[in-house]
Amino acid sequence: METSLVFFSQLNMCESKEKTFFKLIHGSGKEETSKEAKLRAKEKRNRLSLLLQKPEFHEETHSGRSGHLAKETRISPAEAVIWGESFDKLLSHKGGLETFTRFLKTEFSEENIEFWVACEDFKKSKDPQQIILKAKAIYEKFIQNDAPQEVNLDFHTKEIIAKSITKPTLHSFDAAQSRVYQLMEQDSYTRFLKSDIYLDLTEGRPQRPTNLRRRSRSFTYNEFQDVKSDVAIWL
């Protein structure tokens, strides 16, 4: 009887040791798997970080966006040729406006077209409160001294706008918009027609990646609380 008890006791001890052994084995395996997973995740993050730091990655991304834009607007050589007939025809075409904006960015003067677009949108305003808010936004963004995207206007024109900004009308920026329009038509538009950006389109050549030396600070009324734009997209 005593012998049997001793035998079963030893058997139970063996089973207990085996269970402990298997727990250790499986636990160690899980721990090892967890460590390997963490190492792989860390290596993946490091590779991604290095990829993002490569200049060619950003060039490819920008090129892809430009290609998507060209595909989206579907500008044909015949359409591009029409832009050369007059500045009005260029600006009245969505693809023309986008392409001209792209060109101005290479010359660091995109604030001119953005101001013109802002004025076009402003003149469509109907609610009196919106007129006041939008006029103030345009003045602070483009007109006042040291504005983030100050356009080139003479002192007299600026002074007239500054005096009327507290009680603006839909014609408050007409003189300034006209001056900026003339500046673009007589200066930038002439160079645009000779640029690779335009000539590539008229001749049906693939668009080349544009090297933008600084990011455009596009003017959007979304930057100002309680102001709603009458257009879906601001350039």
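Could you sort 101, 166 by accessible area so the largest value comes first, with the probe set to 1.4 Å?
My answer, sorted largest first, is 166, 101.
Report, in listed order, any pair from 136/163; 94/163; 89/123; 134/158; 89/136; 105/167 with a Cα-Cα distance greater than 23 Å. Don't skip to the answer; put the middle values down first.
Working: 136/163 12 Å; 94/163 34 Å; 89/123 20 Å; 134/158 17 Å; 89/136 30 Å; 105/167 33 Å.
Going by Cα-Cα distance, 94/163; 89/136; 105/167 fall outside the 23 Å limit.
Quick one: length gained pulling residue 140 to residue 82 fully straight, 0.36 nm per residue minus the C-alpha distance? Please list the in-between numbers first.
Values: separation 58, 0.36 × 58 = 20.88 nm, distance 3.55 nm.
My answer for the length gained is 17.3 nm.
Could you tell me how far the Cα centroid of segment 96-120 sits from the Cα centroid of segment 159-187, in Å?
16
The values are calculated or read from the model by the stated rules, or taken from the named source; none is laboratory data. All figures in this text were calculated on a predicted structure; none of them were measured in a lab. We work out accessible area using only protein heavy atoms, side chains counted, and drop any ligands, DNA or RNA first. Shrake-Rupley method; radii C 1.70, N 1.55, O 1.52, S 1.80 Å.
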